[in-house]
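Written out below as C-alpha cells is the structure these notes cover.
The values are calculated or read from the model by the stated rules, or taken from the named source; none is laboratory data. Quick caveat, the model's predicted, so the values are computed rather than measured. Because the Cβ atoms are built from the backbone with ideal geometry, glycine has one as well, and the counts that use them run over all protein chains shown. Each accessible area value is taken on the protein alone, full model and side chains, heavy atoms only, with ligands, DNA and RNA left out. Shrake-Rupley method; radii C 1.70, N 1.55, O 1.52, S 1.80 Å.
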Amino acid sequence: MLAAQSGNYGAAPRDISVATHAAVTDHYLRGAYRLAGGGQTLIASLVEVLEAHGGELWTRCTARRISLDDGGVRGVELADGRRIAAPVVVSNADYRRTILELCDDDAGFPPKLLARASASTMRLPWAVLYIALDVARPYTPDANVWWFPGEDIERSYARLHEGDRDELPFVFVSFAAEDGRSHPAGHSSLQVMTVCPPGHGRWGMPGGPADGVRYRRDPAYLAAKRGLTEAMLTAAEKAVGPLRDHIVHLEAATPLTQERYTLSSGGTPYGLNSWGAPGRRPDRRPGVGTSVPGLYVVGQSTHFGSGITGVAVSGIMCASRIAGRPLLPEVHAGATIGDPSLLPARPAGWDPPAVSRGRGGRGTRGRPRLPEAG
C-alpha cells in the first residue's frame, strides 16, 4: 500500500531511500494543496515578483555555454551569440547537461565530480494524456487515483525495464479542480500519467530532440504514441470507469515532448536517479553549490527532492547561500522576502498564461486567452 505512490518520484521503490518515500507520504498526510486558477498561476506569480523587483524574463532563447575562467563564473552565452555578463549563474537546467555540456572541459570541476556526473542515471521518463470530457463532473471529483495491474509493484517496474509493452506499470489519474477557468461550463478535464522505459528506442527513434532529431511526424514515433495512448486510456477506464464516449479533446505528451521543451536527459521530469557509479546509496544527489565560484545548481536533481516543494526549497537554499542569510527559517517564521507593494494589480480578466511570458513576450503569437468563467 505504501509503495503504490512510488510514481511520485519516478522510480521503483527498491531504488529509493526510505527518507524520500517518507517525505512523499508525509506530504499527503499533512494534506495536499492546489492553486486557485490552476498551476499556471504559480508561474505567473513568480514572473510578477521577478519583474516587479527589476528582473527580466527571456524566453525562446537557448543557453549554449556558461562562461567561466580561473576566477569563477563570468556569465552565459546564448545560441544566437549574445553574451550576458554575470557574477552569479544559477542553473535550473538538467544537471547532467549543466556540468557536462554547458560548462567547458577546463571548468575546474574535480575529476571525481565529473566522473560522478558522467556515470549518473536518470529516473524514469513519463507520458501524459490531457483529456477534456463533455460531462460536468468527473467520475471521482478532486481525487488522485493510482491504478496498478497487480499487487506486485516491484514486478510492474521490472517488466517496464524488460521492455514489456503489453501492460503498463501503472496509471495515475488526476481530475482538474473546478475553478471555472480550466474548462468551459458543462465540461471537465483530467490527466492520465504513466512512466515509460528509458531510451529513445521505445519510440523508434535513434535519438531525441536534444540531439537535433526530428521526431514529431515520424511514422514509427506516431505509431508508438498511438499505441501508448490506447493502453493508457484502457488502464484509465479500469481505474475510473468509461471515458472514451465523453472525450471531446485529447493530447498526448511523451518523454520526447518533455525532452523537447526542457532538454531533460531522457525526458524525465524527476531528475537524477543515481549520482555516480551503480550501487551507491539511493537518492545520492548534489547540493546547490559547486566547486566553481558563482555557479549554482537548483531543481529536480538536487538532494532537496523532486516536485514543486523540492524544487522550491532548492531555490530558497541557493538564494540563502548567495545572500548569506537563513531564508528558509525566516520564511517559516512568517517573514516576507521582497516588497509586496511593488507587485502589479491584477485587473479583471487577469490571464496567467499571458503573464507567464513576461513583458517582452506578451504580444507574441501563441496560446489563445482562456474564456472568462461562466
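Based on what the data block shows, is I84 open to solvent by less than 20 Å² (accessible area, probe 1.4 Å) and either touching a helix residue (DSSP H, G or I) at 6+ places or on another chain (Cβ under 7 Å) or not in a helix (DSSP H, G or I) (or both)? It would help to see each step written out before you state the result.
Numbers: open to solvent by less than 20 Å² (accessible area, probe 1.4 Å): no; either touching a helix residue (DSSP H, G or I) at 6+ places or on another chain (Cβ under 7 Å) or not in a helix (DSSP H, G or I) (or both): yes.
No: the conditions fail for I84.
State whether the residues of segment 12-35 include one that is acidic (D, E) and either without any contact (Cβ under 8 Å) to a residue 40 or more places away in the chain or closer than 21 Å to G315 by Cβ (or both).
Initial filter on segment 12-35 (acidic (D, E)): 15, 26.
The next check asks that each one be either without any contact (Cβ under 8 Å) to a residue 40 or more places away in the chain or closer than 21 Å to G315 by Cβ (or both); those that pass are 26.
Within segment 12-35, one or more residues are acidic (D, E) and either without any contact (Cβ under 8 Å) to a residue 40 or more places away in the chain or closer than 21 Å to G315 by Cβ (or both).
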Quiz item: Of all residues in segment 283-306, how many are open to solvent by 30 Å² or more (accessible area, probe 1.4 Å), within 15 Å of the chain's Cα centre (by Cα) and small (G, A, S)?
Solution: 1
Exercise. Spot the failing condition for V49; the list is (1) exposed (fewer than 14 other Cβ atoms within 10 Å of the Cβ); (2) in a helix (DSSP H, G or I), and only one is missed.
Key: (1)
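Out of Y157, Y261, Y221, which single residue is part of a helix (DSSP H, G or I), within 28 Å of R60 (Cα to Cα) and open to solvent by less than 40 Å² (accessible area, probe 1.4 Å)? It would help to see each step written out before you state the result.
On the way: Y157 fails: within 28 Å of R60 (Cα to Cα); Y261 fails: open to solvent by less than 40 Å² (accessible area, probe 1.4 Å).
Of Y157, Y261, Y221, the one residue that is part of a helix (DSSP H, G or I), within 28 Å of R60 (Cα to Cα) and open to solvent by less than 40 Å² (accessible area, probe 1.4 Å) is Y221.
With part of a loop (DSSP other than H, G, I, E, B) and either among the hydroxyl-bearing types (S, T, Y) or surrounded by 12 or more Cβ atoms within 10 Å (Cβ to Cβ) (or both) as the only criterion, which of Y28, Y33 stands out? Spell out how you get there, then give the answer.
Details: Y28 fails: part of a loop (DSSP other than H, G, I, E, B).
Sole residue among the options that is part of a loop (DSSP other than H, G, I, E, B) and either among the hydroxyl-bearing types (S, T, Y) or surrounded by 12 or more Cβ atoms within 10 Å (Cβ to Cβ) (or both): Y33.
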Quiz item: In segment 327-353, what count of residues is obtained for those that are surrounded by 13 or more Cβ atoms within 10 Å (Cβ to Cβ) and either among the small types (G, A, S) or in contact with a helix residue (DSSP H, G or I) (Cβ under 6 Å, 6 or more places away or on another chain) (or both)?
Solution: 5
Self-check item: Only one of T234, T309 that is among the β-branched types (V, I, T) and at pLDDT below 90
Solution: T309
Exercise. Considering (1) surrounded by 15 or more Cβ atoms within 10 Å (Cβ to Cβ); (2) in contact with an Asp or Glu (Cβ under 9 Å, 6 or more places away or on another chain), say which one R137 fails and leave the rest.
Key: (1)
Practice problem: State the number of residues belonging to segment 248-284 that are at pLDDT 90 or above and closer than 30 Å to D69 by Cβ. | Solution: 6
Quiz item: Which residue pairs have Cβ atoms under 7 Å apart, sit 6 or more places apart or on different chains, and have a first residue in segment 106-129 that is within 9 Å of G276 (Cα to Cα) and a second that is at pLDDT below 90 and surrounded by fewer than 21 Cβ atoms within 10 Å (Cβ to Cβ)?
Solution: R116/G276; A119/G276; A119/A277; S120/G276
Exercise. Among the candidates F175, F170, F148, single out the residue that is among the aromatic types (F, W, Y) and either loosely packed, with under 15 Cβ neighbours inside 10 Å or modelled with pLDDT under 90 (or both).
Key: F175
Quiz item: Which of the residues that make up segment 247-258 are open to solvent by 60 Å² or more (accessible area, probe 1.4 Å) and more than 14 Å from A127 (Cβ to Cβ)?
Solution: V248, H249
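The rows are residues; the columns are (1) closer than 30 Å to E230 by Cβ; (2) small (G, A, S).
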| position | (1), (2) |
| --- | --- |
| R64 | no, no |
| G81 | no, yes |
| L100 | no, no |
| D105 | no, no |
| W126 | yes, no |
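Which residue out of A107, A117, A44 is part of a helix (DSSP H, G or I), open to solvent by less than 20 Å² (accessible area, probe 1.4 Å) and more than 30 Å from P13 (Cβ to Cβ)?
From the options A107, A117, A44, the qualifying one is A44.
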